[in-house]
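What follows is a short report on a single structure.
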Amino acid sequence: MMQFNLSLSAADLILLLPEIFLTIWLCVILALDFSLKRITHQQLGHLSIAGLAITAIMLLVFDQNGTTGALFKDMYVLDHMAIFFKIIIVGATALVLFMSIDYVQEFRFFKGEYYFMVLMSAIGMMFMASSNDLLSVFVTLEFSTFGFYVLVAYLRDDQRSSEAGLKFFILGVFAAGLLAYGISLVYGETGTLVFSEMAGAQGSYGLAIGFILIFAALGFKIGAVPFHAWIPDTYQGAPTPVTAFLSLAPKAAALAILLRMFFVALASFKPMWVLLFVVASIFSMTYGNIVAIAQKNIKRLLAYSGIAQIGNIMIGLAAGTKQGGDAIMFYLLTYMFANLGAFAVVIAVSQVIKSDEIEDYNGLNRRSPFLAAAMLLFLLSLAGVPPLAGFIGKIYLFIAAMNQELYTLLIVGLINIVISMYYYLIVVKKMYINEPTDTSPIPTSLPIKVAVYTGIAGTLLLGIYPGPFIDWAIDATLMFSNIVGPTASLPILPGG
Amino acid sequence: MGEYSLLIILFAPFLGAIALIFIPRQEELMVRMTAAISAGISLLASFYIFFAYDPAKGGFQFVQRFAWSEELGIAFYVGVDGIGGPLVFASAILLFAGIFVSWHIKDRTKEFYIFLLILAAATIGVFMSLDLFFLYFFYEMSVLPMYLLLGVWGSHTKGYLSMTDPEGLKLRDSVDFIFNFGSNSKEYAAMKLTLFLSAGAVMALMGILLIYHMSGLHTFDILVLREQAKFTDTMSNIIWFLIFIGFASIAPIWPLHSWSPVGHAAAPAATSMLHAGVLMKLGHFSIIRVAFEILPEATHKWMWVAAVLCIGSIIYGGLVSYFAKDTKYVIGYSSSSHMGYIFLGMAALSYISLSGAVIYMFAHALATSMLFAMAGWVYDQTHSRDIPSLGGLSEKMPFIAGAFIVGCMASIGMPGTINFVAEIMIIVGSWEKYPFQVLVAILGIVLTMAYMFKMMRGLFYGKLDPEFAHTSDAKNWIDRMPLILLIACSIILGLFPGHFYDVVSSTVEPMIDRINQVAPLVTQNTQGLLP
């Protein structure tokens, strides 16, 4: 039986400070929304962003000072990797809030609660990045998803949004069921829930099935094929800032768990899960890219491109080395700027033209050279064109895979670059080459501009001068530097 | 100052592009001047490196190295040798000329110059990269601006080859039907070009990553790899083919050429100039830089493939040019045909032939960009590129007609132009190893004469259609300057190729020695053939 020691010292509490602070902050925001009649939702948005900024500063200070440690019998760890992922989550949330401020204006009800929900999900995901055993994985995953169930269906008069919410909810609950079942199997086989204690476990069918179920549940979160079915409809139906949020933050949090689970707990079964990731990666990339070609709606296009991008990220998981982990984390940074930037442009455009159809992007360059140029940069970064961030991210992943000699995966990945180039360029073609039917200019509000400029700056900086960020990722995953080699074998894999 | 000249050449256009972002779009003159000034700085610095390169010392000069990512073994490492230097010079000339050729572009001038500068700077970047990562980085970076330049400022082609019989019945729209599916929109051309080149690029990337990993060195440094990389036979063959096919598709060698004339024909004049002038040479250059330097054994073993395929390039390109009716299409296919000479020179692997190939890259860049510039002028004036419907334009545009004739002569390889020097070197240098291909090349020259004369006659002689009575010549210095610059470079270097030859051979000779040392087969007795 596990004994929990819940008495916390002040030194321990420091490790939880970002989450505690953000929790108090969001309670304050909710209270202000209820009590102060005069406060506008824009002000609430700015307050939320301020809270996130303070949290980010705290995390950066922790990173600098090396404030790390574990709490609650290793259920919660704050190491450099957790801090890295938390910064990504906080940064993504802040960018999403910048995009939301104007969008929230269109909601008929619950404008203030929107910020509460977003921040609550963010806190849940921050806990996810720190969770170090299966129990906390389950609790934090559900906690973070809870906010999303509400957020996806926020446009309650919109049929699409309600449909998206329902789809997301049903599949999310299903995934939760799989997760719980997987956890129970793993616990039954190993007698422990903490990742680091599982490292020496003996292989058995029960363990294998348990982990495959857990992988499936996390696969739902990151939207890897074959667990991607909810993605396109949910992305299309959800309010666009929520889609942007959904396209990045939960994926980052789930990847933190995947990294911990496979690189630490399952290090000894590496040959088996490498195969799993290779297959999942190949299918995600190919499926995502090929289906994206046929899309007419920009949100759906970005949804499928997101599936393909997760396939790219899984190249790093398949490599199964520290370098693979570093590559994933660097790629996530590049993906954050490019993807959120693209969604910011989508929001900016849709606020004026009230449409998300790619057809309506015709001649965007004439209507708003700024938005068109920004979208061009973001899409090309997603496609992996130098000198943009996505290119370095892809090369990093490919180098990690090459060092493990995963040739099939590499070849598929490289072919997919060409396929993805096609549909990104289709959007570019609409924006630059086609002539607009309506030539009125598209104005951009300040908060969205902030989000777009941040995206541009990040995309260019990470592409031209990635050194410090690569080093940051390398330092964050020092714990993987001695990944245990394959020692145990599962009975299903002949010869180990 | 001198040692930083490569950085100046590379970053002047980039900084120009960045500066353009902040210039309001109404200030069109300022936009053009900014572009011209940044290209001018680049041209002056490249002029300097071309003449300051010391052939006696050889090797890589003006080297600059900055750490970029220790973890991945990447450094920002630039330098030029006798092959990169002239090509950097050619790129800078073409960029400068191209900016003046496109002086009259009205639609979205600012964006046009931004993309043009990025395209040229990326091309220049490839020619000076001594790090495989950056070579690929700039290579891939040069592809994307092409998409927009073609798609936005390009023009639809009017059918590739409307081959009609005397009764006016259409026999067949295109010899290229199988590859082109009869589509002649600029969007199609742009997309085809981009996807083709990206596909080639990722193939080459696979080769580069294999070099990175299989050499066991985990570095992208070309000089380190050249000295230390050792591969097993199978692996070096695989890598060689990945590199060769990947880069030859931009060159473009015969069965992989179909994107190029389509792209040329659709592109605006300045883009065609850069594209045919230097972008296509990225392929040859990268093969020399990567395959010749790092994989000498495989190069020696497999370079005959290029010698076989170049027959297809020369003959097919020449024949299509002869039958084509669209000016840009003729020039585009003639480029594709002339690329065959470069491959022949490279395949023969002798001092003279490889030097000839390098000089030909430079010479062809000047000649073909002249022709594209003038085809662009004719198109701007007449809004037609259909040779049969034009004619007698020399009455209206004597300067253009004169310059066009010089361009055609250069393209044919008339003595006095640098093309002559290059062609004769390729032919002499390859005779020993590939006599049949040399005969094909000579036939190719005859074909070139045929279609060039045909095009000249079609455009400038005969009766002037009254429809074109309003057309005008290039009158002011802005319009004439780029043509004069290109012609002057071609003729001056053609008359005095000494320094150029020294520069090229100082790099080519050790390279050929390395390749042939591995398995000495070809005797070198062609020394002293040139002054």
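The values are calculated or read from the model by the stated rules, or taken from the named source; none is laboratory data. Quantities reported herein were computed from a predicted structural model and do not represent experimental measurements. Don't worry about glycine lacking a Cβ; one is built from the backbone with ideal geometry, like all the others, and counts go over all protein chains shown.
Give all pairs with beta carbons closer than 6 Å in which a residue from segment B:220-247 that is of a type in the set (Gly, Ala, Ser) meets a residue that is crowded, with 20+ Cβ neighbours inside 10 Å and not in a helix (DSSP H, G or I); count only pairs at least 6 apart in sequence or on separate chains.
Going by the 6 Å Cβ cut-off, the qualifying pairs are B:Ser236/B:Leu295.
Pull out all pairs, ordered by first then second residue, where Cβ-Cβ is under 8 Å, the residues are six or more apart or on different chains, the first lies in segment A:405-420 and is within 9 Å of chain B (Cβ to nearest Cβ), and the second is not in a helix (DSSP H, G or I).
Once the first residue is within 9 Å of chain B (Cβ to nearest Cβ) and sits in segment A:405-420, its partners that are not in a helix (DSSP H, G or I) give A:Ile417/A:Gly384.
Which one of B:Ala488, B:Ala474 is out of contact with any Cys (no Cβ under 7 Å at 6 or more places or on another chain), outside any helix (DSSP H, G or I) and of a type in the set (A, V, I, L, M, F, W, C)?
B:Ala474
Taking only pairs six or more apart or across chains, which ones have beta-carbon atoms under 9 Å, a first residue in segment B:191-205 that is within 7 Å of chain A (Cβ to nearest Cβ) and at positive phi, and a second residue that is hydroxyl-bearing (Ser, Thr, Tyr) and crowded, with 22+ Cβ neighbours inside 10 Å?
The qualifying pairs do not exist here.
Please pick out the residue among B:Ala17, B:Ala75 that is in contact (Cβ under 8 Å) with a residue 40 or more places away in the chain, in contact with a strand residue (DSSP E or B) (Cβ under 7 Å, 6 or more places away or on another chain) and within 14 Å of another protein chain (Cβ to nearest Cβ).
Residue meeting the stated conditions: B:Ala75.
Of the conditions (1) within 12 Å of the chain's Cα centre (by Cα); (2) in a helix (DSSP H, G or I); (3) of a type outside the set (Ser, Thr, Tyr); (4) under 19 Å from B:Phe138 (Cα atoms), B:Pro252 fails just one. Which one is it?
It fails just one condition, (2).
Is it true that some residue in segment B:378-392 is out of contact with any Ser or Thr (no Cβ under 9 Å at 6 or more places or on another chain) and surrounded by 21 or more Cβ atoms within 10 Å (Cβ to Cβ)?
Within segment B:378-392 (the criterion being out of contact with any Ser or Thr (no Cβ under 9 Å at 6 or more places or on another chain) and surrounded by 21 or more Cβ atoms within 10 Å (Cβ to Cβ)), the answer is no, since none of the residues qualifies.
For the list (1) more than 10 Å from chain A (Cβ to nearest Cβ); (2) in contact with a Gly (Cβ under 7 Å, 6 or more places away or on another chain); (3) at pLDDT below 90; (4) within 30 Å of A:Phe391 (Cα to Cα), I need the number of the one condition that B:Leu150 fails.
In the conditions (1) more than 10 Å from chain A (Cβ to nearest Cβ); (2) in contact with a Gly (Cβ under 7 Å, 6 or more places away or on another chain); (3) at pLDDT below 90; (4) within 30 Å of A:Phe391 (Cα to Cα), B:Leu150 misses (1) alone.
Before we move on, is B:Ala121 among the hydrophobic types (A, V, I, L, M, F, W, C), within 14 Å of chain A (Cβ to nearest Cβ) and outside any helix (DSSP H, G or I)?
Considered against the rule, which asks whether it is among the hydrophobic types (A, V, I, L, M, F, W, C), within 14 Å of chain A (Cβ to nearest Cβ) and outside any helix (DSSP H, G or I), B:Ala121 comes out as no.
All but one of (1) surrounded by 14 or more Cβ atoms within 10 Å (Cβ to Cβ); (2) at pLDDT below 90 hold for A:Phe398; state the number of the condition that does not hold.
It is condition (2) that A:Phe398 fails.
Look at segment B:47-72 and say how many of its residues are of a type in the set (Ser, Thr, Tyr), more than 14 Å from chain A (Cβ to nearest Cβ) and free of Cβ contacts under 8 Å to residues at least 60 places away in the same chain.
Residues that pass the stated criteria total 1.
Which number in (1) within 17 Å of A:Gly147 (Cβ to Cβ); (2) crowded, with 18+ Cβ neighbours inside 10 Å marks the one condition that A:Phe110 misses?
(2)
Just checking, which of A:Leu371, A:Leu340, A:Leu333 is touching a residue at least 24 places away in the same chain (Cβ under 8 Å), touching a Phe, Trp or Tyr at 6+ places or on another chain (Cβ under 8 Å), away from every other protein chain (no Cβ under 13 Å) and crowded, with 21+ Cβ neighbours inside 10 Å?
A:Leu333
Give segment B:86-112 a look and list any residue that's buried (at least 24 other Cβ atoms within 10 Å of the Cβ), more than 14 Å from every other protein chain (Cβ to nearest Cβ) and closer than 17 Å to B:Gly154 by Cβ, or say none.
Once the filter is applied, which keeps residues that are buried (at least 24 other Cβ atoms within 10 Å of the Cβ), more than 14 Å from every other protein chain (Cβ to nearest Cβ) and closer than 17 Å to B:Gly154 by Cβ, segment B:86-112 yields B:Gly98, B:Val101, B:Ser102.
I'd like to check something: does segment A:304-320 contain any residue that is of a type in the set (Phe, Trp, Tyr), under 14 Å from the mean Cα position of the chain (by Cα), away from every other protein chain (no Cβ under 14 Å) and crowded, with 24+ Cβ neighbours inside 10 Å?
no
Any chance segment A:422-439 includes a residue that's more than 14 Å from chain B (Cβ to nearest Cβ) and either buried (at least 21 other Cβ atoms within 10 Å of the Cβ) or more than 16 Å from A:Val96 (Cα to Cα) (or both)?
Yes, some residue in segment A:422-439 is more than 14 Å from chain B (Cβ to nearest Cβ) and either buried (at least 21 other Cβ atoms within 10 Å of the Cβ) or more than 16 Å from A:Val96 (Cα to Cα) (or both).
Collect the residues in segment A:388-404 that are within 21 Å of the chain's Cα centre (by Cα) and either at the interface with chain B (Cβ under 9 Å from one of its Cβ atoms) or in a loop (DSSP other than H, G, I, E, B) (or both), keeping them in residue-number order. Write out each step before concluding.
Applying the first criterion (within 21 Å of the chain's Cα centre (by Cα)) to segment A:388-404 yields A:388-398, A:400.
Residues satisfying the conditions are A:Leu388, A:Phe391, A:Ile392, A:Ile395, A:Tyr396, A:Phe398.
On the given criteria, is A:Phe143 assigned to a helix (DSSP H, G or I), surrounded by 24 or more Cβ atoms within 10 Å (Cβ to Cβ) and at negative phi?
On the way: assigned to a helix (DSSP H, G or I): yes; surrounded by 24 or more Cβ atoms within 10 Å (Cβ to Cβ): no; at negative phi: yes.
The answer is no for A:Phe143.
Can you go through B:Ile427, B:Ile400 and tell me which one is assigned to a helix (DSSP H, G or I) and either modelled with pLDDT of 90 or more or among the basic types (Lys, Arg) (or both)?
B:Ile427
Failed condition for B:Met273, given (1) surrounded by fewer than 24 Cβ atoms within 10 Å (Cβ to Cβ); (2) more than 25 Å from B:Ile238 (Cβ to Cβ), with all others met?
Checking B:Met273 against (1) surrounded by fewer than 24 Cβ atoms within 10 Å (Cβ to Cβ); (2) more than 25 Å from B:Ile238 (Cβ to Cβ), the one that fails is (1).
Do we have A:Leu60 as part of a helix (DSSP H, G or I), within 17 Å of the chain's Cα centre (by Cα) and under 26 Å from A:Val452 (Cα atoms) here? Can you show your working first?
Values: part of a helix (DSSP H, G or I): yes; within 17 Å of the chain's Cα centre (by Cα): no; under 26 Å from A:Val452 (Cα atoms): yes.
No.
May I ask you to say which residue of B:Ile250, B:Ile211, B:Ile243 is away from chain A (no Cβ under 13 Å), within 22 Å of A:Leu409 (Cβ to Cβ) and of a type in the set (A, V, I, L, M)?
Numbers: B:Ile250 fails: within 22 Å of A:Leu409 (Cβ to Cβ); B:Ile211 fails: away from chain A (no Cβ under 13 Å).
Within the list B:Ile250, B:Ile211, B:Ile243, the selection yields B:Ile243.
Considering each of A:Phe174, A:Phe169 in turn, give the residue that is surrounded by fewer than 16 Cβ atoms within 10 Å (Cβ to Cβ), over 27 Å from A:Phe72 (Cβ atoms) and modelled with pLDDT of 90 or more.
Criteria check complete, one pass: A:Phe174.
Does segment A:328-387 hold any residues that are under 19 Å from the mean Cα position of the chain (by Cα) and not in a helix (DSSP H, G or I), and which are they?
A:Gly384
On the given criteria, is B:Asp502 of a type outside the set (Ser, Thr, Tyr) and out of contact with any helix residue (DSSP H, G or I) (no Cβ under 7 Å at 6 or more places or on another chain)?
When the stated conditions are applied, B:Asp502 passes them.
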